[in-house]
Amino acid sequence: MDMNEKIDFNKEYEIRKANYIDELRTVYLDIYEDRFDAFTFLLKNLDNAFSYRGDAFKQLDVERAENPGWFHQNNSYGMTVYVDDSENNLQGLTGHIEYLKDFDISFINVMPVLKPALVVNKQGALPEFISVDLNHGSISDLHKFCAACRSMGISVYFDNIGEYCKPENMDKILSNPLLFNKLIYDMLMFANLGVDIFKINCRPYKWNDLGLDFPYSDQKIHVVRLIRIILDIVCPGCILLCNGEYDDGTAFSYYGSLINQECQLVNNLSNKDLLLEAVQEKNVVKLRNMIDSLTMISRSTVFLNYIQDPWQEDWKNLAVLCGMNTANDRIEMEMAIDFDMMLQGYLMMIPGVPFMYLGDELGQMEGKSMDWSKAKLRFNTESCQYKLYNNLMFLKRIRAVYDVFSRDARCFTYDTFDPAVLGIVRTMGDKKIIGLFNFSPVQKTAWVLDPGPYTDIISNDYIRDQSISIKPYGMMWLYNQRPEVLEDY
């Protein structure tokens, strides 16, 4: 669409509503047993939410609707940021947006900003499903934070939306359409503040496949579908994220079918578990099986991949996992940095969007909230912060420039003939890159049987041999073409 052409946003909205109204009515009235009054009230809520949506958001909705894969590009990169009641509150983080922009992130997940609460008032008042934790800031602070992110081209992602999914809450939602309407009202309010991604924080609906009994599985599918339809009508620039789980030997479970999915992003919960197991066991067999299952459906499903679980109690920073806190000399620290980069490089190579945690790029060793005193050390050429930050920026730049990292590239695992070395291949036309990742603290030899020669685009080394030595916790990205020219990063 020509952006110079004036768009009739109201007309666009009516077209979208007309396209979905029949399905919306059918599913809603099936769940809520012909409650036409509640359905009429829902439609009024949608109309009101759209009327209050700013023109800048409406413009972005149109653009994203024409490019449904906007969130999955070569340079798509996410970051989770933990808020607190001091420098990392909403006001404080707003003052650090320039730092986040310089790191070139696409999405920011702020948590735990929200204070989910589903408590039905005895007097009959509808609850707030989503409210801002006042210890971290106000609605006004959140509005300013979202606006600052948007001005830098950063999309805001909210975790833990839709507490309706807990067993103790599902029966309330399914028995009272006004509660569902209120949930939608709250979500659309945050969408109009500038939130782009909403996570449905519940397990996949295929409970029976996992041998579990969940009485509301069918209804839950309908509820998630309703939310997806409503977002597509009012704010198609917003997307849904859900959890996906990997059962050993099977493909991922996820919301919807490959043809008609409810969620555009799937949280790859299994990557963290199997990645840590590979680190502990120095064996990548299970991790390789997971990646093969992931690539089977990745053309129609975009996975959000990460190393740490943001909700786990015993938080372990990436720097600690890699041994930076116990390094006794420069050699041990260099190996820990290589380990860190190897894991980050792995995330960038598997299909989907890599997510990291604010502070990991600087080797933060304790706490979830960012220690901003470490940020200045990234300019000190002798510091580990400098090496981590700049090496990571270099990898991100490669990923943004090379076609083999695009969402349309083929991706599959590669047998290196060593259980401690993971091989991943990405191809795009005649271009190919082979990623080799050594999960062992000793030097390993991997075999590459495909004819070369190759260039390791990380070290710029020219590789002709089929047997390749990889340093402890090292990685290589072997490219079969002339290396691309990288701009300054």
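Contact list please: Cβ distance under 7 Å, first residue in region 74-103 and farther than 18 Å from F355 by Cβ, second residue surrounded by 20 or more Cβ atoms within 10 Å (Cβ to Cβ) and of a type in the set (D, E), pairs at least six apart or on different chains.
Within 7 Å, no pair qualifies.
Scan region 313-326 and tell me whether some residue there is surrounded by 15 or more Cβ atoms within 10 Å (Cβ to Cβ), of a type in the set (S, T, N, Q) and touching an Asp or Glu at 6+ places or on another chain (Cβ under 8 Å).
Yes, because at least one residue in region 313-326 is surrounded by 15 or more Cβ atoms within 10 Å (Cβ to Cβ), of a type in the set (S, T, N, Q) and touching an Asp or Glu at 6+ places or on another chain (Cβ under 8 Å).
Tell me, please, whether a residue that is modelled with pLDDT of 85 or more and crowded, with 21+ Cβ neighbours inside 10 Å can be found in region 199-211.
There is no residue in region 199-211 that is modelled with pLDDT of 85 or more and crowded, with 21+ Cβ neighbours inside 10 Å.
Evaluate region 252-262: report whether one residue or more is aromatic (F, W, Y) and either at pLDDT 65 or above or more than 21 Å from H72 (Cα to Cα) (or both).
Looking for residues that are aromatic (F, W, Y) and either at pLDDT 65 or above or more than 21 Å from H72 (Cα to Cα) (or both), one finds none in region 252-262, hence no.
Can you tell me which residue is nearest to the chain's Cα centre (by Cα) among those in region 355-393 that are surrounded by 15 or more Cβ atoms within 10 Å (Cβ to Cβ) and without any contact (Cβ under 8 Å) to a residue 12 or more places away in the chain?
Y386
Would you confirm whether or not region 401-424 contains a residue that is of a type in the set (A, V, I, L, M), open to solvent by 30 Å² or more (accessible area, probe 1.4 Å) and not in a strand (DSSP E or B)? Explain how you work it out, then say what you get.
Step one: filter region 401-424 for residues of a type in the set (A, V, I, L, M), giving 401, 404, 409, 420-422, 424.
Narrowing the set further to residues that are open to solvent by 30 Å² or more (accessible area, probe 1.4 Å) leaves 401.
Narrowing further to those that are not in a strand (DSSP E or B): 401.
Taking every residue of region 401-424 in turn, at least one turns out to be of a type in the set (A, V, I, L, M), open to solvent by 30 Å² or more (accessible area, probe 1.4 Å) and not in a strand (DSSP E or B).
Just checking, how many residues over region 51-87 are surrounded by 17 or more Cβ atoms within 10 Å (Cβ to Cβ) and within 21 Å of the chain's Cα centre (by Cα)?
Qualifying residue count for the region: 15.
Quick one: how many residues across region 181-195 are within 22 Å of the chain's Cα centre (by Cα), open to solvent by 10 Å² or more (accessible area, probe 1.4 Å) and not aliphatic (A, V, I, L, M)?
Matching residues across region 181-195 total 1.
Is there any pair linking a residue in region 394-422 that is closer than 13 Å to W477 by Cβ to one that is of a type in the set (D, E) and not in a helix (DSSP H, G or I), with Cβ under 6 Å and at least six apart or on different chains, and which?
Pairs found: V401/E484; Y402/E484.
With respect to V234, is the statement that it is over 19 Å from the mean Cα position of the chain (by Cα), more than 30 Å from G153 (Cβ to Cβ), at pLDDT 65 or above and open to solvent by less than 20 Å² (accessible area, probe 1.4 Å) true?
Spelling it out, it is not the case that V234 is over 19 Å from the mean Cα position of the chain (by Cα), more than 30 Å from G153 (Cβ to Cβ), at pLDDT 65 or above and open to solvent by less than 20 Å² (accessible area, probe 1.4 Å).
I'm trying to understand the selection: among the residues of region 312-345, which are of a type outside the set (G, A, S), closer than 17 Å to E382 by Cβ and not in a helix (DSSP H, G or I)?
Once the filter is applied, which keeps residues that are of a type outside the set (G, A, S), closer than 17 Å to E382 by Cβ and not in a helix (DSSP H, G or I), region 312-345 yields only D329.
I'd like to check which helices (runs of 4 or more DSSP H) are fully inside region 90-193 and have at least 3 residues that are modelled with pLDDT of 90 or more.
In region 90-193, the matching helices (runs of 4 or more DSSP H) lie at 90-94, 97-102, 139-151, 177-193.
Can you tell me which residue in region 461-474 is least open to solvent (accessible area, probe 1.4 Å), limited to those that are part of a loop (DSSP other than H, G, I, E, B) and under 26 Å from M324 (Cβ atoms)?
If we take residues in region 461-474 being part of a loop (DSSP other than H, G, I, E, B) and under 26 Å from M324 (Cβ atoms), then G474 is least open to solvent (accessible area, probe 1.4 Å).
Go through region 28-44 and count every residue that is open to solvent by 20 Å² or more (accessible area, probe 1.4 Å), in contact (Cβ under 8 Å) with a residue 24 or more places away in the chain and in a helix (DSSP H, G or I).
3
Within region 281-301, restricting attention to residues that are modelled with pLDDT of 85 or more and assigned to a loop (DSSP other than H, G, I, E, B), which residue is farthest from R410 (Cα to Cα)?
This residue is K282.
Which members of region 265-280 meet the condition of being modelled with pLDDT of 90 or more and among the small types (G, A, S)?
Residue satisfying the conditions is A278 alone.
The values are calculated or read from the model by the stated rules, or taken from the named source; none is laboratory data. Since this is a predicted model, take the numbers as computed values, not measurements. Backbone-built Cβ (ideal geometry, glycine too); neighbour counts: all protein chains shown. Just the protein is used for accessible areas: all its heavy atoms, side chains included, with ligands, DNA and RNA removed. Shrake-Rupley method; radii C 1.70, N 1.55, O 1.52, S 1.80 Å.
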